[in-house]
Structure formats: structure tokens, C-alpha cells
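Every number here is computed from the coordinates shown, using simple stated rules; none is lab data. As the structure is a computational prediction, the values presented were derived from the model and not from experiment. Please note: Cβ atoms are built from the backbone with ideal geometry, for glycine as well, and neighbour counts cover all protein chains shown.
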Amino acid sequence: MIREISIGISMAVVVSMLIMGYDVTPFLFLAVAAGALYYFAGMRGLINIKNFETGSASEHRDFSFDDIGGQESAIKELKEALDFIKNHCGIKHLGIRPLKGILLTGPPGTGKTLMAKAAASYTEAAFVAASGSEFIEMYAGVGAQRVRKLFQSAREIATRQKKDNALVFIDEIEILGGKRGKATSHLEYDQTLNQLLVEMDGLKVDDKVRVLLVAATNRDDMLDPALLRPGRFDRRVKVDLPDKEGRLEILKLHTRNKPLAEDVRLEIIAKDTFGFSGAHLESLANEAAILAMRDGATEICQHHFSESIDKVMMGGKLDKRPSETEMRRVAVHESGHALLSEIVRRGSVSTLTVTPRGDALGYMRQTPDDDTYLYTKDFLENQIAIMLAGSVAEEIILGNRSTGSSGDFEQAMRTADTMLQSGMTELGVICPDILPQELKHKTITGIVKEQEERVRKYIIESKIIITQTVEILLEKEKISGERFREIMRGQLN
Ligand code: ATP
């Protein structure tokens, strides 16, 4: 933006000087020189890509599919595609056209870059990587030139390394391969994508260096259809969030080089980390080791892992300390959540704490029952009840509610809306687009009110459990699910 304004102002100055009769030749000369300098500075990106790639080519050398956990089916699919490349004589003999591109799709941090590096090792290919954003420049032609240069670098690096194959990896391909005509400001995006298509079309099975393009994205819906047509990205491999077994495998990989104490149960950590990506799990193992070091321990214990889950989920501990009264309110609120969680699903509370972390002043973490992908009506109603229990506990124990529950209400409303859209209400199956707003509001608030009544009943009955938990929480700041269940058993007997 500043660049454009400066160019505009300079042009206005030159035109005014011309009108006033000054000789502007020296200024024009200077402008051309500055423009040329700027252009070459922009082109320097090409050299950066190349240098960077030379570095990464050596980095991946020992990387294999064995270093990737929890992606068995994605790896199997990818390997099947890569076997085509390994067996290039066979495919040439049968007249099969070469595989030009493999698209890896999936959420961030699931191991797409790792898969591309492992694919390069598997096919004994030179590895060259770049990110989609590196190709986008203000000036027409620079991006296209960078694409050309990237493929050229791949061939040169492979030749230098005496390899027959090169693997070009482009991360965030949606930035350069987005639907054409969408970037209205200039045609630079379109030219860059066109160049990529040209490069892909030019890949041949009898090239001296056979190049394979592997791209990754978490927005494949944004990609231009021309990229996705057969003959371009011929294979699409989904790299999803790992399931429980997958999480365990990844944890094992990332604790290989760490001293673990006897009490460490990675299965329990894998169970507690539903929704974590490989990158989350790597960070979790690293954070646990840091905590152990801070404790002066020589081995990482289960409680280090447990605390790291909280850190990765909620963010670091905050220095701010709420007042005594606020701490009490937070303790009541979280104990309310925990009570309902245990009532609707025994054994579900993992930790309960009043330590401020991230945006929360305290929190109750649940142990997922099992990896769940489909939810029943009962399950959703119970979730709403758990979300409402914090504010109902505040109302019953402390006599009024606070602003700390707005996030819970939002979540409860969203869950009730999911129930409405899934045909779980008395309205049956509905078309959300033509459902009157008033009726929608009435149905959603009806679900929430019904659960609120149910929660109120439970909390009045078990008020003593909450008050006792609050005192322990205020003293210890954190209690485990096991301890909370002991308190419940003690009071209910
Ligand atoms: P993005 O979409 O954000 O680019 P990505 O899917 O390419 O992410 P990677 O860069 O491959 O993710 O992974 C980041 C880090 O997370 C890796 O360096 C590794 O430590 C860890 N990781 C991610 N997935 C796995 C996995 N399946 N197995 C082992 N480690 C993993």
C-alpha cells in the first residue's frame, strides 16, 4: 500500500514539474534505476527458494514413513501411488501415463509435510519445498517465474545429487492454486497458477529427471478445478486427525528420545487427547519434558504429561491472580461442571482446577469416553446440562450468576441448534432455511431451559459435594478426577 502511494506521489511530482517546465530527465533516470533495483530485489526470492531447498534436501535424507504415526491408511495410499514412480520402466512398457501430482489434504499439523519428505526418501528423490505464499508478488510475472525456477531447481538438485527423481513439495497450495478469476485486483495469481499447470503438463515419464509434484492444503474446496482434473493431481490422499491408536503411536515416536518414569501410561494420555493433531502431540511431549526439567526431575512423570495436556489445550498459566471472592466463584462454577459430568457419565472428570490459563480462570477437563464421531440425542442433552451446570451452581451456592458463563451458554445454544438441525426436537426433520427465526429461537431455548431445570435439581440435591470440593480446590488449586470421585462417594454414602 505504502509502495503504491509513493509511486503515485512521485508520478504526480514528475508531471507537475513537467507542466512547470523543468527538465525531468535525471528524475526519470533515477526512477528507472530504482525500479530495476526493486525488480531484482524481488527476484532475489528465487535465489532464496533455491538456497533454502538445497538445505532442506539434505535435511530429509533419513526421514521415512516409519517416523510418521497414526496415518496408516494415508501412508498406504501414498505408497501405492509412489510405487508407480519406483516402477517407471513397467509403467512406460504398459503405456501408462506418469503420475504427475499427489494432493495431501487435511487439518493443520497432521503430518502432510512429513509425508512429502518421507515420500522423497521412499522414491530416492531430491526434495524441494516451497510454500504457496512464496509465489505471490505484486508484480506480474514474478510468481510464474518462481514456479519455473522451482521446477528447474528440482531438476538441477537431483542432477547434482545423481538422482533420477525429484519431488517438488508445495505447502498451502490453495494460495497459488485458488480458483482463477477470484483475485480481482490483478492477474498475477492467475498467471502463477497457469505456469504451474504448464509445468505439470510438461512432466514426462522419459524425462532425464522425473519430477513429481506433491502439494498440501487444508482448503481443497478453494482449489481451481483445472488443478484437480485427471492428469494433474491424479491422487488425493486424506491426512486426518489421528484416532486413539494413532495418537498412541505418535506419542511413542515423540517420547523415543525422552526418559520416561515408571508411572507413565501413554495409553491414558492418548485417550485424553481426542482432537489433538500430531503437531499438538509433539508439543505435548516437549512441554512435559520442559516441566520435568523445571521440577529438577531426571525423568518425565505422568503428572508432567497431564499438566502439559492442559497447557496445550488451554494455553500457558497466567500470572494474574483473581481475588479471593472470584477464586471461590470459579471453584463453585467448575465444581458444578464436574458434578454434572460425573452424574451423566461416571469416571468422566479428568482434572478440575482454578489455575488461570489462556482465556479461562479455571476449568474442568473431561476424559473422552472413546473417540466419538456421531452423537446421540441423550449425549447432546447431557453435554448441554454439563455446560449449564457452572452457572446454575453459582446461582444456587452464591445466590447469583456472573459473566463467566457466557461462553458456556453460547456452546449450549450451539449444541441445541445441532439437535434442531439433526431432527432431534419435537419439530422433527426441518429445513433450516425456511424455519421462522422465532420458532427456531423458541425450540432452542426450550431445550436449554429443560436441561437447566434438570441441572438445578441435581445441584440442589448434591450441594454439599460442591461446597466440599470448593474448599479443597481453594486450598490445592487443582484436584484429579479420582479425588473428586472420592469426595462424591464420601458424601453420597
Ligand atoms: P500444516 O498443514 O500446518 O502445514 P502439516 O500437516 O504439514 O501442517 P507437519 O508440518 O508435517 O504438519 O507436522 C508438524 C510437526 O508435527 C512435525 O514436525 C511432527 O513433529 C509433528 N507431527 C505431525 N503429524 C505427525 C505424525 N503423524 N507423526 C509424527 N509426528 C507428527
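When each of the peptides 123-132, 461-470, 401-410, 332-341 is scored by how many other beta carbons lie within 10 Å of its residues on average, the order from highest to lowest is 332-341, 123-132, 461-470, 401-410.
For the ranges 356-364, 195-203, 109-117, 18-26, what's the packing order if you count other beta-carbon atoms within 10 Å of each residue, average per peptide, and put the highest first?
Numbers: 356-364: 19.4, 195-203: 17.9, 109-117: 23.7, 18-26: 9.4.
Packing proxy ranking, top to bottom: 109-117, 356-364, 195-203, 18-26.
Go ahead and run the numbers for FRET between Gln161 and Glu245, Cβ-Cβ distance against an R0 of 30 Å, rounding to 0.05. E(calc), rounded to 0.05, equals 0.25. Is there a pair in Lys76/Lys311; Lys117/Lys204; Lys204/Lys238 whose C-alpha atoms are over 30 Å apart, and which pairs would that be? Over 30 Å apart, Cα to Cα: Lys76/Lys311. For the stretch 244-314, relative contact order (Cα pairs under 8 Å, six or more residues apart, normalised by length) works out to 38 percent. Summary value for the chain: 12 percent relative contact order, contacts being C-alpha pairs under 8 angstrom separated by 6+ residues. Each of the peptides 220-227, 430-437 was scored by the mean count of other Cβ atoms within 10 Å over its residues; in descending order, highest first, they stand as 220-227, 430-437.
Here the stretch 239-269 is scanned for amide nitrogen atoms under 17 Å from the site 7 Å beyond the Cα of Tyr373 along Cα-to-Cβ, giving 239-248. What separates the Cα centres of the stretch 373-419 and the stretch 215-237 is a distance of 40 Å.
Can you tell me the relative contact order of the stretch 274-323? Whole percent, Cα pairs under 8 Å, sequence separation 6 or more. Could the numbers behind the result be given before it?
On the way: 25 pairs, mean separation 17.2, N = 50.
About 34 percent, as a whole number.
Phi angles of the stretch 304-314 translate, via the Karplus equation with coefficients 6.51, -1.76, 1.60 and θ = phi - 60°, into HN-Hα couplings of 5, 5, 4, 5, 5, 4, 4, 5, 5, 6, 10 Hz per residue; Gly and Pro are given as x. In this structure, the amide hydrogen of Ala360, modeled 1.01 Å from its nitrogen in the peptide plane, lies closer than 5 angstrom to no residue at least 5 positions away or on a different chain.
Amide H contacts for Ala129 (H built 1.01 Å from N in the peptide plane; partners 5 or more residues away or on another chain; cut-off under 5 Å): Phe169. How much of the pair distance distribution for the chain lies past 32 Å, counting alpha-carbon pairs only, in percent? For the chain, the share of Cα pairs beyond 32 Å comes to 59 percent. The string of couplings for the stretch 362-368 from the Karplus curve (6.51, -1.76, 1.60, θ = phi - 60°) is x, 6, 10, 9, 9, 8, x Hz, one whole number per residue in order, with x for Gly and Pro. Secondary-structure-derived ellipticity at 222 nm for the chain, considering helices only, amounts to -18500 deg cm²/dmol, per-run term -39500 (n - 2.57) for DSSP H runs with n ≥ 4. Here's how it looks for Val349: its modeled amide H is under 5 Å from those of Thr367, which are all 5 or more places away or on a different chain.
For the stretch 338-348, the Karplus equation 6.51 cos²θ - 1.76 cosθ + 1.60, evaluated at θ = phi - 60°, returns couplings of 5, 4, 5, 4, 5, 5, 7, 8, 4, x, 8 Hz by residue, with Gly and Pro reported as x.
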